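Beneath this line is the structure, given in structure tokens, with notes to follow.
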Amino acid sequence: MKSVLLLCGMMMWAHSFADDLSAGRAKADAACALCHGPMGMAGLPGAPNLAGQPAIYVSEQLKNYRSGKRQHEVMSFIAKPLNDEEIVQLAAWYSGIKVTVETP
């Protein structure tokens, strides 16, 4: 019985995570891609790469911009209307992008 409950819980979490990724990508395409690139690799000077960043980092920074704890003329404006669910979705999207490094 415990195994069945554990399996059901894991399946629900996986489905929820997939939903977060999909919603996060849609939100990122609409609001973030201009500066941070469509796959989280920044296209503008001064804009950080978000691809591969830990979800907790992306989430905390967006919350800090939203609250005013962290200030930036563009990000403070962009993050202000985000709700907690949207922040989780964006964090899931950016943290889910795999970044690889190769030696020259």
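In what order do L82, L90, L44 fall by count of nearby beta-carbon atoms within 10 Å, going from fewest to most? Let's see the in-between values first.
Working: L82 18, L90 25, L44 10.
Fewest-to-most ranking of L82, L90, L44: L44, L82, L90.
For A79, what charge total do you get from the other residues with a beta carbon under 11 Å from its beta carbon, if Lys and Arg give +1 and Asp and Glu give -1? Don't skip to the end; give the middle numbers.
On the way: positive: K63, R66, K69, R70, K80; negative: E86.
Here the charged neighbours net out to +4.
A42's amide H: which non-local residues (gap 5+, or another chain) put their own amide H closer than 5 Å, with H modeled 1.01 Å from N in plane and none for Pro or chain starts?
N49, L50
Laboratory data are not the source of any read-out in this text; all were calculated from the coordinates shown. These numbers come from a predicted model, not from an experiment. Note: ideal-geometry Cβ built from the backbone for every residue, glycine included; neighbour counts use all protein chains shown.
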